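Before I ask anything, here is the structure I am working with.
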Amino acid sequence: MSPHADMTPTGRPLVGVIYQPLALWGPLLGAVTVSYYRRTKGSRTAHTNTP
């Protein structure tokens, strides 16, 4: 996609900075999810209800 023709020279980098977190949201969320899974998968214990 190309920037809008009426966009100012200052607006182009500003839009890039504002849009950057949206573009990185998916990969970062995936990385955090995998990291959380790896940290917690070994600490699960079986719970039994024995009186």
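FYI, it's all coordinate maths here, none of it is from the lab. Being a predicted model, the structure only gives us computed values, none of them experimental. So basically every Cβ, Gly included, is an ideal-geometry build from the backbone, and we count neighbours across all protein chains shown.
Report the calculated FRET efficiency for residue 7 and residue 29 (r = Cβ-Cβ distance, R0 = 35 Å), to the nearest 0.05.
Here the calculated transfer efficiency is 0.75.
Could I ask something else about it? What is the gain in length, in nm to one decimal, between residue 37 and residue 17 on full extension, counting 0.36 nm per residue of separation less the C-alpha to C-alpha distance?
So the chain would gain 4.2 nm between residue 37 and residue 17.
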